[in-house]
């Protein structure tokens with residue numbers, strides 16, 4: 001499957017220069033050369049995050065960085081408000097519960113965008129909440145929550161805002177500093193177009209004040225541990241454990257490509273590809289789960305045609321055209337499919353290949 005293209009909501013197919021960086025000889029993740037590389041990568045990521053906040057490159061999946069952020073800003077027994085309008089919002093509830101936090105959910109259907117009004121109603125009832133935790137873009141359906149409004153409200157109420165931007169950063173605009181996001185987590189292997197294994201996290205000065213006031217658990221998944229190593233060993237060994245070395249090198253190749261193209265242009269490209277995929281599918285008779293005005297730039301959830309065997313369709317795309325899409329989650333299992341347009345799939349050429357393949361499938365059926 002040399003020319004397999006992943007058109008799922010992550011991980012993504014990557015460019016050849018990223019693959020080449022993955023295959024370079026293993027080097028040490030300490031010493032002068034590594035420190036210079038690590039500092040440069042964190043500086044590049046500040047541009048993509050649109051922030052001046054501290055950034056760390058966590059070895060592991062996005063879930064590791066999310067657990068690190070949440071467990072560092074809230075202690076057992078403290079109240080956190082978690083927006084739950086999709087599979088990944090529910091996962092954040094489970095993480096908080098595992099650390100014995102008092103979890104108060106803002107529940108909404110998976111197709112409903114949550115904003116400041118819903119969160120404000122919950123904070124009215126729980127003014128003791130220390131943080132609001134929310135997924136920016138939940139790939140259950142592609143719904144995008146109002147991060148700017150939620151963060152502003154949380155700050156007014158004296159709570160931190162932590163954002164799961166795993167499937168949005170680099171594909172959907174998220175100006176961390178402008179919106180006042182205190183903790184922001186993403187991954188290399190989605191909109192940023194690299195391989196799995198590293199997950200950046202940004203931390204605001206306001207968040208650090210809270211972190212330093214807590215008696216939190218854990219060692220590796222603890223922001224204070226990472227800061228300690230950077231401050232005390234940053235000239236030689238800035239990380240508390242072995243990094244995903246080649247994954248990090250490949251990640252910087254992908255980030256440099258974004259900076260060379262320009263972040264505004266990258267965001268516009270994702271939007272254009274998403275628009276083209278949805279318009280092409282509508283021409284073939286499909287209905288989108290979300291209205292166009294609320295549709296995601298980086299993935300689309302599509303309702304199956306009447307009587308359509310979605311599993312057969314997705315299997316045909318893989319076997320016959322080497323295109324892999326995702327099936328529906330939760331209540332949309334067997335009723336919908338999800339098309340990711342991120343990574344190498346975030347180009348019009350990939351969109352046209354997918355639409356032509358879908359048209360061929362429908363004709364064959």
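Percent of Cα pairs in the stretch 250-297 per distance bin of 10 Å, from zero to the largest separation: 24, 38, 24, 14, 0.
What are the semi-axes of the equivalent ellipsoid for the chain, taken as the square roots of 5 times the Cα gyration tensor eigenvalues, largest first, in whole Å?
Numbers: eigenvalues 229, 142, 52 Å².
After scaling each eigenvalue by five and taking roots: 34, 27, 16 Å.
Highest average first, the peptides 48-60, 88-100, 284-296 ordered by how many other beta carbon atoms sit within 10 Å of their residues are 48-60, 88-100, 284-296.
Note the angle between two axes, namely the Cα long axis of helix 87-98 and the longest principal axis of the Cα atoms of the chain, as a number of degrees from 0 to 90, rounded to the nearest 10. Helix 87-98 sits at roughly 30 degrees to that axis. In plain terms, the residue of 41, 348, 223 with the fewest other Cβ atoms within 10 Å comes first and the most crowded comes last, giving 348, 41, 223. Peptide packing: for 311-319, 350-358, 64-72, the average count of neighbouring Cβ atoms within 10 Å per residue gives the ranking 64-72, 350-358, 311-319, highest mean first.
Here the contact order of the stretch 151-263, divided by its residue count and restricted to Cα pairs under 8 Å and six or more residues apart, works out to 20 percent.
Note on residue 275 and residue 233: with the Förster distance fixed at 45 Å, the Cβ-Cβ geometry gives a FRET efficiency of about 0.40.
Where does the chain land at 222 nm, in deg cm²/dmol rounded to the nearest 500, when only DSSP H runs of n ≥ 4 count, each adding -39500 (n - 2.57), divided by all residues? Mind showing how you got there, number by number?
On the way: 13 runs with 158 residues, N = 365.
Here the helix-only value at 222 nm equals -13500 deg cm²/dmol.
Sort the following peptides by mean Cβ neighbour count (other Cβ atoms within 10 Å, averaged over residues), highest first: 273-279, 215-221. Intermediate results must be reported in sequence, preceding the final value.
Working: 273-279: 20.6, 215-221: 13.3.
Sorting 273-279, 215-221 by mean packing, highest first, produces 273-279, 215-221.
Between helix 32-49 and the chain there is an angle of about 60 degrees, using the helix long axis and the longest principal axis of the Cα atoms. Counting only DSSP beta bridges with both residues in the stretch 16-259, the antiparallel share comes to about 40 percent.
Using only the alpha-carbon atoms, how far is helix 348-364 inclined from the longest principal axis of the chain? Give it as 0 to 90 degrees, nearest 10. Between helix and principal axis, roughly 40 degrees. Reducing the stretch 79-100 and the stretch 215-252 to their Cα centroids gives an inter-centroid distance of 25 Å.
For the stretch 16-259, the relative contact order works out to 28 percent when only alpha carbon pairs closer than 8 Å and six or more residues apart are counted.
If you take the square roots of the eigenvalues of the alpha-carbon gyration tensor of the stretch 306-365 and sort them as a ≥ b ≥ c, do you get rounded (a/c under 1.5), prolate (a/b over b/c) or oblate?
Working: a/c = 2.08, a/b = 1.22, b/c = 1.71.
Oblate, since a/c reaches 1.5 and b/c is not below a/b.
Values in this text are rule-based calculations from the coordinates and carry no lab data. On a predicted model such as this, the values are computed, not experimentally measured, just so you know. As a convention, Cβ positions derive from the backbone with ideal geometry for all residues, glycine included, and neighbour counts pool all protein chains shown.
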